Amino acid sequence: MYAIKVELKLNNKERTLMRKHSGYARFVYNYGLALTQNLYAFGVKASIAKQINEIKKVFTGYTKKQPENQWMNKLSSKVYQQAFMDLGQAYQRWSKGLSARPVYKSKKDGDSFTVYDGNGKTLTFAGNKIKIPTLGTFRLKEALPCRYVSQTFTISRQANKWYVSFAVEADRIPPTYHPEESVGIDLGVKCFATLSDGSQVEAPKPYKKAKTKLSKAQWRNRKKQFGNRRQGVKQSNRAHMFFDSLAKKHARIANQRQDFLHKTTTGISRKFYRIRIEDLNVSGMLANRKLSAAISDLGFYEFRRQLIYKAEFFGTKVEVVDRWYPSSKLCSICGNKHDNLKLSERIYQCQNKSCLAHTITIDRDLNAAYNLLNAPMDRVRLAQPEITLADKK
Ligand SMILES: [Zn+2]
């Protein structure tokens, strides 16, 4: 099972609808939390599951019917059911010691809510529209590549963008035709990806520049206060504007990178059947601080994760060459090993004087990509998808 997260393309009316549902989910969660806390104060000993069941009855039989709560009846009833379930799960996690005691949700935590189809799983079609159970049909920024089967859908907001995410039980997809058989890919700091077919993918460079600008803006605005109602701190208009634009800038940078990675991995998965990449020693690379900033900015790890999960619907085979395989040191023509190749040397020249690569030098990354493509089978394994619940924010 894996999760799909796509951006929704909403108009103002739809945006308001989503905000209302988020508010509804928050209201019900906090309502349930307040009542369980009251029951606790009164010394009620029943299990949390039982308590929440009773609270739900009070909610539907009484609270929801009050004239001031009429607005709830215009919204999806799945939202309150799910909010009570979420509360029950939050208590469960707490009782198992997996998280802190449930706390009240505030507007500041952002908007998010979940709906599901009461009749079971629904089919989501390929294309740029999505039908969300009990909410309706909405447009998508990027088309879904194939059909999915899912039951629960979570809608969330990051800055001014809305997303829908849903878990997918890998549904067999119509086989895709791949124009090319195999490719080896070398990832690097200088050039993001070099493919053994000779093509190169350059990473967008706005990130570093944008980051410097951001830290400057944060320093200049360091005295601005985030509002806090309980402590009686009011957020000024200027502070509000600043924090709002800050959130938007952060989201834009993350989106740019994500866009780039998605386009690249989709393109590669469409073109090639067998994709060979180097195993990333991510923790090892992250120990080198200079390299680590470059690498986490570029998103090698995310690149690999996307290739692996896209294998399910493009019908590709992603293979990993073990990290000790000297793909950058070997000559891709004669197999001679170049032991003192410096990281700064961008050209590979074979040390074997009778080799073609001695006279005609070759791009270092391209040489590595060839070696990955032709790595011996005992250095290669099939990449395994990781078990992650959703795309990391
Ligand atoms: Zn050679």
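List the cysteines of the chain that have no other Cys Cβ closer than 4.7 Å: which are they?
C146, C191
Need the C-alpha centroid separation for segment 300-371 versus segment 29-76, integer Å.
Cα centres, segment 300-371 to segment 29-76: 61 Å.
Find the accessible area per residue for segment 315-388; the probe is 1.4 Å, ligands and nucleic acids are left out, and the unit is Å². Walk me through the intermediate numbers first.
On the way: 4350 Å² over 74 residues.
Here the per-residue accessible area is 59 Å².
Within 10 Å, count the other beta carbons around each residue, average over each peptide in 310-316, 369-375, 196-202, 50-56, and list them highest first.
Values: 310-316: 20.0, 369-375: 23.1, 196-202: 15.0, 50-56: 17.0.
Sorting 310-316, 369-375, 196-202, 50-56 by mean packing, highest first, produces 369-375, 310-316, 50-56, 196-202.
Divide the volume of the convex hull of the Cα atoms of the chain by its number of residues and quote the answer in cubic angstrom per residue. Write out the running numbers ahead of the final one.
Values: hull volume 74.5 nm³, N = 393.
Per-residue hull volume (Cα only) is 190 Å³.
Any chance you could list P(r) for segment 2-168, counting all Cα-Cα pairs in 5 angstrom bins from zero, rounded to whole %?
Answer for segment 2-168: a P(r) of 1, 8, 16, 19, 19, 15, 11, 7, 3, 1, 0 percent.
If I take R0 = 51 Å and measure r between the Cβ atoms of R381 and D109 in this structure, what FRET efficiency does the formula 1/(1 + (r/R0)^6) give, to the nearest 0.05? Working shown, then result.
Working: r = 41 Å, r/R0 = 0.80.
In this case the efficiency is close to 0.80.
How much accessible area does K9 have with a 1.4 Å probe, in Å² rounded to the nearest 10?
Its accessible surface works out to 90 Å², give or take rounding.
Could the peptides 341-349, 258-266, 215-223 be put in order, highest first, of the mean number of other beta-carbon atoms found within 10 Å of their residues? Working shown, then result.
Details: 341-349: 12.9, 258-266: 17.1, 215-223: 10.2.
Result, highest mean first: 258-266, 341-349, 215-223.
How do Y301, Y273 rank by accessible surface area computed with a 1.4 Å probe, from largest to smallest?
Values: Y301 100, Y273 75 Å².
So, going from the largest accessible area down, we get Y301, Y273.
At 1.4 Å probe size, with the rest of the protein present, what percent of the exposed accessible area of the chain is carbon and sulfur atoms?
That share works out to 53 percent.
What is the extension gain from K353 to A49, computed as 0.36 nm multiplied by their sequence separation minus the C-alpha to C-alpha distance, in nm to one decimal?
Using 0.36 nm per residue and subtracting the Cα-Cα distance, I get 101.8 nm.
The values are calculated or read from the model by the stated rules, or taken from the named source; none is laboratory data. Given the structure is predicted, the values throughout are model-derived calculations rather than measurements. Because the Cβ atoms are built from the backbone with ideal geometry, glycine has one as well, and the counts that use them run over all protein chains shown. Surface areas here come from the heavy atoms of the whole protein model, side chains and all, with no ligands, DNA or RNA. Shrake-Rupley method; radii C 1.70, N 1.55, O 1.52, S 1.80 Å.
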